[in-house]
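One structure is given here, and the rest of the page talks about it.
The values are calculated or read from the model by the stated rules, or taken from the named source; none is laboratory data. This is a predicted model, so every value here is computed, not measured. Note that each Cβ is placed from the backbone with ideal geometry, even for glycine, and that neighbours are counted across all protein chains shown. With ligands, DNA and RNA removed, areas are computed over all heavy atoms of the protein, side chains included. Shrake-Rupley method; radii C 1.70, N 1.55, O 1.52, S 1.80 Å.
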Amino acid sequence: MTDTPMVAQYKRIKAEHEDKILLFRLGDFYEMFFADAEIAARDLEITLTGRGVGKGERIPMCGVPYHAVDGYIASLLKKGHKVAICEQIGDPKATSGLVRREVVRVITPGTFLDPSALEEKKNNYLAAVTRYGGSLGLAVIDAGTGEFRATGFNGPDKVTGLHSEMIRLQPSECLYPREDTELKQILGDMQQLFPVLPSPLGEDYSLEKSLSLLAQKLGEVHFPGGEEFQAGACAAAAIIGYLQETQRVDLLHVQGLKAYRVSDYMVIDGDTRRNLELTKSVRGDNRGATLLGVLDHTYTAMGGRTLRKWVEQPLLNRERILARLDAVENLVGDSVLRTLLPDILKEIYDLERLLGKVVYQTATARDLLALQRSLIQLPKIKESLAEVTADRLMHLRDSLDTCSDLSTFLEGALHPDPPAGLREGNLIKTGYHEEIDRLRNLTRKGREWLAELEGAERERTGIKSLKIGYNKVFGYYLEVTKSNLDAVPPNYVRKQTLVNAERFITPELKEWEVEITGAQERCIELEYQVFLELRRHIATEIERVQGAAKIIGEIDSLLSLATTAIYNRYSKPVLTLGDGIKIEAGRHPVVEVMMADSTFIPNDTGLDQNNNQLLLITGPNMAGKSTYIRQVALIVLLAQMGSFVPAKAAELGVVDRIFTRVGAADDLASGQSTFMVEMNEVGNILRNATSKSLLILDEIGRGTSTYDGLSIARAVAEYILERVGAKTLFATHYHELTALAQDYSAAKNYTIAVEERGKDIIFLRKVVPGGSDRSYGIHVARLARLPEDVIGRAEDLLAQLEGEKKEKAQDETAGTVSEKTIQLDLFSNLERRVLEELYRLKPLQMTPLEALNKIHSLQELLKGK
């Protein structure tokens, strides 16, 4: 089969993008052919058709409308595909023969920009991971907002560090060196935790090449010393190269590269983020059941993304923490400002992503109008902050560029009600461009002349139903119903016959058609060109608008924290220079919000480096041990992100890291059991915790036998007390561990109070000094409505075990060891009775008939139980 020119053109372009779905522009549709069509039809659930290519041959084909393509692209990306956009270059009307086409952009999960398909308050990151020497480099960019950062990892825990930071960032796509199988495996493992597309790089980025590329695109870039940051530079260069290859535009909104250390912020590993449910609930997609869900009362997309960063990266710098706390306090105390700001912020669109569309040349007139309507709010923000007293708020106010000149410029240039597309006219405001105004007047006069002509012809011919119409095939025409054909004048020239009417033209009508349509087409094209000039001008002002967007995001986030503090009765924490943690009447910020029908019971906490370094928490199942130890971690985290805290009062020293070991599940992907997962997490904590860290440990050692688990739990506690020195909350069911307090003055016992009422218990949820020697497991089983037979049998077994334990203790006290092996009796009382009777029988003194009768009676006894 000989390919048609169009098919040959398609195959040539597709050969350059074999790993992508090629969207091939044909008129008002993007078409897909061959295997791409079959894949897209299946994944998009659209009809697979065919296209004739001559001599009865057909090729698979499917298509989507150009004006709705973003939604289809989003669906393809979610299915794991990359998409290449192939556009018609130039005006098809002015081209004879085959229209020239070329790929103008490659869209991948990390470079997708459609705001309607992205989570508004979450960054969409493209990441790159590379090696340099013995270090790993990581860089991330939000291609829509221009945020660009890089870091690095070295030492024996570099892979763990990379893993934790990737979990925090959750990029949708990650670049890696094609030949690096270890990094490919690491990314593959991460796909079990969040959706990330591993993308192999087509070329290597040496340090020399990377630094040169970064300097060329971003100017002078300053990196801290250390091999890990050289690795980070290589990762950043890989991102720049990838964006150049796929986006094919100057990345004007990427104003610079920020190098950072993970240790510049409170270190929170992936397990701790999950256990504390900072941004994602372990019970599903209920965002409200997370810390971020409780705190987020932001009104803008920039504010939402900023607040998420604050939650994920609490501060270590005391001055910065205090500055945020003072700003929140200022807003809490100013009810007028808290009322005024929301009405302004609600009117501000996503400035950062609008600028991204400007850079990628996809911004429409409606996007620029949204930008203009947002910019006119900036002077109102500045004015509303006139009376603030907090240093941070005053700095934000004074730094805010209101961009009034840019807002005025856009208001004077843009049509107040532009269409969705750019080739339909009405993009430019009347009075902005003289030639556009002239062409519009000509078009309007032509339409007025048409209306006058229609009236005059009706009067002249007596045909009251005569009307003037237009279509793209025949242009303007006079339409007459067949019942009035006898009245048609001789100068009418028949052009088209319909079922119930005839269409005519006249020389005069065609002369005006040339004037009208020519003016319309020239006006639409001129408006398009003027709009492109406007868009290019906005691109030169990106740095100013980006600065304003960041300030708006911070103001919105501070307001959100103040709103939460008011709604949920939070108090301002006192940040001390010491290491202690003193909380009065602390509450769990998420649990208390979710408890709509009951009251949360607050608890005090006192931790320090002297006599209260490790608090051992015992008590019944379901009593609230896990909630209590988590709430302490969340209160510390909230304070260091600059938020008020759910407590009557709190005095806190700065914590460098928070570690949690709470629950575990089998890691089937790597073949690790629950206990192995637990031990890996504990090992990571013991290797990386410092004396300034806060450790939250829940049920260490429960994944193995009782004595193994107890031994490990005791050894871990001793290691923390003797070697690490970290402040620790240690919840356990091993009551034997309460003996720690006798051996270590820095260990203290606490328990969750309960009240027994017969066979029932009431959880008081109050943490009190002292240890517990009971777990109340059977009481909890009764609350869970296990069958009474099971409960009764459990009580029998418990009584037996406790009796044997007491007997053994008495023997050991007397200096003797019982010859009887302590063994769990697996038989019920009835079964024991039958066994005892069988034991007493003397079969040699019984006749066969007596033996059979006795066996029968014992069987009947068992059957009757």
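Does region 468-500 hold any residues that are of a type in the set (A, V, I, L, M, F, W, C) and either within 15 Å of residue 457 (Cβ to Cβ) or modelled with pLDDT of 95 or more (or both), and which are they? Explain how you work it out, then say what you get.
From region 468-500, those of a type in the set (A, V, I, L, M, F, W, C) are 468, 473-474, 478, 480, 485, 487-488, 493, 498-499; that's our starting set.
Across region 468-500, the qualifying residues are 468, 478, 480, 485, 487, 488, 493.
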Note to self: Of everything in region 519-531, what is buried (at least 18 other Cβ atoms within 10 Å of the Cβ) and closer than 14 Å to residue 447 by Cβ? Give them in sequence order.
What the structure shows: 519, 523
Next item on the list: Inspect region 714-724 for any residue being charged (D, E, K, R) and buried (at least 22 other Cβ atoms within 10 Å of the Cβ) and give the result as yes or no.
Entry: no
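Yes/no matrix, rows are residues, columns are (1) under 28 Å from residue 85 (Cβ atoms); (2) open to solvent by less than 10 Å² (accessible area, probe 1.4 Å); (3) in contact with an Asp or Glu (Cβ under 8 Å, 6 or more places away or on another chain):
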{"site": "112", "(1), (2), (3)": "yes, no, no"}
{"site": "121", "(1), (2), (3)": "yes, no, yes"}
{"site": "124", "(1), (2), (3)": "yes, no, yes"}
{"site": "132", "(1), (2), (3)": "no, no, yes"}
{"site": "137", "(1), (2), (3)": "no, yes, yes"}
{"site": "143", "(1), (2), (3)": "yes, yes, no"}
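Okay, residues lined up against (1) assigned to a helix (DSSP H, G or I); (2) open to solvent by 40 Å² or more (accessible area, probe 1.4 Å):
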site	(1), (2)
50	no, no
63	no, no
67	yes, yes
73	yes, no
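Kindly indicate whether residue 220 is within 18 Å of residue 149 (Cβ to Cβ), among the charged types (D, E, K, R), open to solvent by 30 Å² or more (accessible area, probe 1.4 Å) and out of contact with any Pro (no Cβ under 8 Å at 6 or more places or on another chain). Steps first, answer last, please.
Details: within 18 Å of residue 149 (Cβ to Cβ): yes; among the charged types (D, E, K, R): yes; open to solvent by 30 Å² or more (accessible area, probe 1.4 Å): yes; out of contact with any Pro (no Cβ under 8 Å at 6 or more places or on another chain): yes.
Criteria met by residue 220.
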Check: From the set of residues in region 407-437 that are assigned to a helix (DSSP H, G or I) and touching a Lys or Arg at 6+ places or on another chain (Cβ under 7 Å), which is most open to solvent (accessible area, probe 1.4 Å)?
Finding: 412
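Looking at the structure I just gave you, is residue 94 of a type in the set (A, V, I, L, M) and either modelled with pLDDT under 95 or more than 26 Å from residue 196 (Cα to Cα) (or both)? Walk me through how you get there before you give the answer.
Working: of a type in the set (A, V, I, L, M): yes; either modelled with pLDDT under 95 or more than 26 Å from residue 196 (Cα to Cα) (or both): yes.
So residue 94 fits the description; yes.
Conditions (1) at pLDDT below 80; (2) under 14 Å from residue 621 (Cβ atoms), marked per residue:
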site	(1), (2)
746	no, no
752	no, yes
759	yes, no
768	no, no
776	yes, yes
783	yes, yes
790	yes, no
810	yes, no
814	yes, no
Next item on the list: Examine region 591-612 for a residue that is in a loop (DSSP other than H, G, I, E, B), in contact with a strand residue (DSSP E or B) (Cβ under 8 Å, 6 or more places away or on another chain) and open to solvent by less than 10 Å² (accessible area, probe 1.4 Å), and state whether such a residue exists.
Entry: no
Checklist line | Failed item, numbered, when residue 347 is tested on (1) in a helix (DSSP H, G or I); (2) farther than 30 Å from residue 578 by Cα; (3) open to solvent by 10 Å² or more (accessible area, probe 1.4 Å) | finding: (1)
Check: Quick one: which of 538, 542, 516, 505 is within 14 Å of residue 440 (Cβ to Cβ), among the aliphatic types (A, V, I, L, M) and either modelled with pLDDT under 95 or surrounded by 15 or more Cβ atoms within 10 Å (Cβ to Cβ) (or both)?
Finding: 516
Notebook entry, point to check: Are any residues in region 1-48 open to solvent by less than 60 Å² (accessible area, probe 1.4 Å) and either part of a strand (DSSP E or B) or polar (S, T, N, Q) (or both), and if so, which ones?
Noted result: 4, 9, 21, 22, 23, 24, 25, 26, 30, 31, 32, 33
Check: Is one or more of the residues making up region 265-285 open to solvent by less than 60 Å² (accessible area, probe 1.4 Å), within 17 Å of residue 215 (Cα to Cα) and of a type in the set (Gly, Ala, Ser)?
Finding: no
Check: Does region 149-161 hold any residues that are out of contact with any Gly (no Cβ under 7 Å at 6 or more places or on another chain) and either open to solvent by less than 10 Å² (accessible area, probe 1.4 Å) or assigned to a strand (DSSP E or B) (or both), and which are they?
Finding: 149
Check: Can you tell me which residue in region 469-484 is surrounded by the fewest Cβ atoms within 10 Å (Cβ to Cβ), limited to those that are free of Cβ contacts under 8 Å to residues at least 24 places away in the same chain and farther than 10 Å from residue 503 by Cβ?
Finding: 472
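Can you confirm whether residue 411 is of a type in the set (Asp, Glu), in contact (Cβ under 8 Å) with a residue 12 or more places away in the chain and under 30 Å from residue 516 (Cα atoms)?
Values: of a type in the set (Asp, Glu): yes; in contact (Cβ under 8 Å) with a residue 12 or more places away in the chain: yes; under 30 Å from residue 516 (Cα atoms): yes.
It is true that residue 411 is of a type in the set (Asp, Glu), in contact (Cβ under 8 Å) with a residue 12 or more places away in the chain and under 30 Å from residue 516 (Cα atoms).
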Notebook entry, point to check: residue 387 fails exactly one of the following numbered conditions: (1) farther than 17 Å from residue 551 by Cα; (2) part of a helix (DSSP H, G or I); (3) open to solvent by 70 Å² or more (accessible area, probe 1.4 Å). What is the number of that condition?
Noted result: (2)
Check: If a residue has to be at pLDDT below 70 and either open to solvent by less than 60 Å² (accessible area, probe 1.4 Å) or assigned to a loop (DSSP other than H, G, I, E, B) (or both) to count, how many in region 832-865 make the cut?
Finding: 2
Note to self: Just to verify a result, which residue in region 361-375, among those that are touching a residue at least 60 places away in the same chain (Cβ under 8 Å) and surrounded by 20 or more Cβ atoms within 10 Å (Cβ to Cβ), is farthest from the chain's Cα centre (by Cα)?
What the structure shows: 365
